[in-house]
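Take a look at the structure below.
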Amino acid sequence: MKALGISERKERERAQREQRIIAAARALAERDGWASVTVRRLAQEIEYSQPVLYAHFENRDAIVGAVALEGFGELAPTLRASVRKGATPEQAIEAVATAYLDFAFERPALYEAMFVLPTGLRFAKSDTPQVLRDTFGAMMAVVEPFSGDPEIVTETFWAALHGLAELERHGRIRAGFRGERVRRLVEMFTHRS
């Protein structure tokens, strides 16, 4: 009985260390950008040795992947919550598009971990984590009323949103026209021209 208690405590402590590493990586990336997030710098930041970090994560990409998973855990409920009760299908797809772009701009380092940096995370595979499936499902729920093939259309909708986010994040398109671009995108996906 006592051994089980020790095992549980060790597992809890391991999970807490892992969460501390993830939180530190996320905070450091938000503050100084992902280029500053190295295993060495993280170890200094949280006062762990580098071997302790490597005991939890194989490499930096694995840490970025853990941060990305947290981000997907935040994005899916954000997208679902953006759709007001009683919203029309057109209002729902516009709300999700707007919420997605807002998320990208309110959490730039997190968004970068989720969609730009190498993580090893893959969608549409047998081992895709549930949190990624949930995010895709939140988008597909608003696309489905307009499509006979909701998976392909959702991928296209997502790609369009990501393109808009990245172009605006890097100053390639004018930020002041985000709302108009969302309206045009919604028109394209709802077949209203």
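The values are calculated or read from the model by the stated rules, or taken from the named source; none is laboratory data. Only a predicted model underlies this, so the values are computations on that prediction, with no experimental measurement involved. Cβ atoms come from the backbone with ideal geometry, glycine included; neighbour counts cover every protein chain shown.
For region 65-174, please list each of the helices (runs of 4 or more DSSP H) lying entirely inside it that holds at least 1 residues being of a type outside the set (D, E, K, R) and over 18 Å from the mean Cα position of the chain (by Cα).
Working: elements: 89-106, 108-115, 130-143, 150-169.
It comes to 89-106, 130-143, 150-169.
Of the conditions (1) crowded, with 18+ Cβ neighbours inside 10 Å; (2) in the same structural domain as M114 (by TED's automatic domain parsing), L53 satisfies every one except a single condition; which number is it?
Among (1) crowded, with 18+ Cβ neighbours inside 10 Å; (2) in the same structural domain as M114 (by TED's automatic domain parsing), L53 violates only (2).
Out of the residues in region 1-10 that are of a type outside the set (S, T, Y) and part of a helix (DSSP H, G or I), state the one that is farthest from the chain's Cα centre (by Cα). Please lay out each step first, then the result.
Pass one, region 1-10, residues of a type outside the set (S, T, Y): 1-6, 8-10.
Still in the list and also part of a helix (DSSP H, G or I): 2-6, 8-10.
Working: K2: 40, A3: 38, L4: 35, G5: 35, I6: 35, E8: 30, R9: 30, K10: 29 Å.
Filtering region 1-10 for residues that are of a type outside the set (S, T, Y) and part of a helix (DSSP H, G or I), the one farthest from the chain's Cα centre (by Cα) comes out as K2.
Suppose we filter region 5-32 for residues that are in contact with a helix residue (DSSP H, G or I) (Cβ under 7 Å, 6 or more places away or on another chain) and not β-branched (V, I, T); how many remain?
Within region 5-32, the subset in contact with a helix residue (DSSP H, G or I) (Cβ under 7 Å, 6 or more places away or on another chain) is 17-18, 20-22, 24-26, 28-30.
Add one more test, that the residue is not β-branched (V, I, T), and what stays is 17-18, 20, 24-26, 28-30.
Residues meeting the conditions: 9.
Listed here are the residues, each with its yes/no results for (1) surrounded by fewer than 17 Cβ atoms within 10 Å (Cβ to Cβ); (2) of a type in the set (G, A, S); (3) in contact with a Gly (Cβ under 6 Å, 6 or more places away or on another chain).
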site	(1), (2), (3)
F123	yes, no, no
S126	yes, yes, no
G137	yes, yes, no
V153	no, no, no
T156	yes, no, no
H162	no, no, no
E168	no, no, no
V182	no, no, no
M188	yes, no, no
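Could you please find all residues in region 149-178 being in contact (Cβ under 8 Å) with a residue 40 or more places away in the chain and either small (G, A, S) or not assigned by TED's automatic domain parsing to the domain that holds D102 (or both)?
The answer is A165, and nothing else.
Output the residues belonging to region 11-58 that are in a loop (DSSP other than H, G, I, E, B), without any contact (Cβ under 8 Å) to a residue 40 or more places away in the chain and under 23 Å from the mean Cα position of the chain (by Cα).
Listed by number, the residues that qualify are V37, T38, F57, E58.
Can you list residue pairs whose Cβ atoms sit under 9 Å apart, with the first residue in region 84-100 being without any contact (Cβ under 8 Å) to a residue 24 or more places away in the chain and closer than 17 Å to D134 by Cβ and the second being of a type outside the set (K, R) and not in a loop (DSSP other than H, G, I, E, B)? Count only pairs 6 or more apart in sequence or on different chains.
A99/L75; A99/T78; A99/L79; A99/A81; A99/S82
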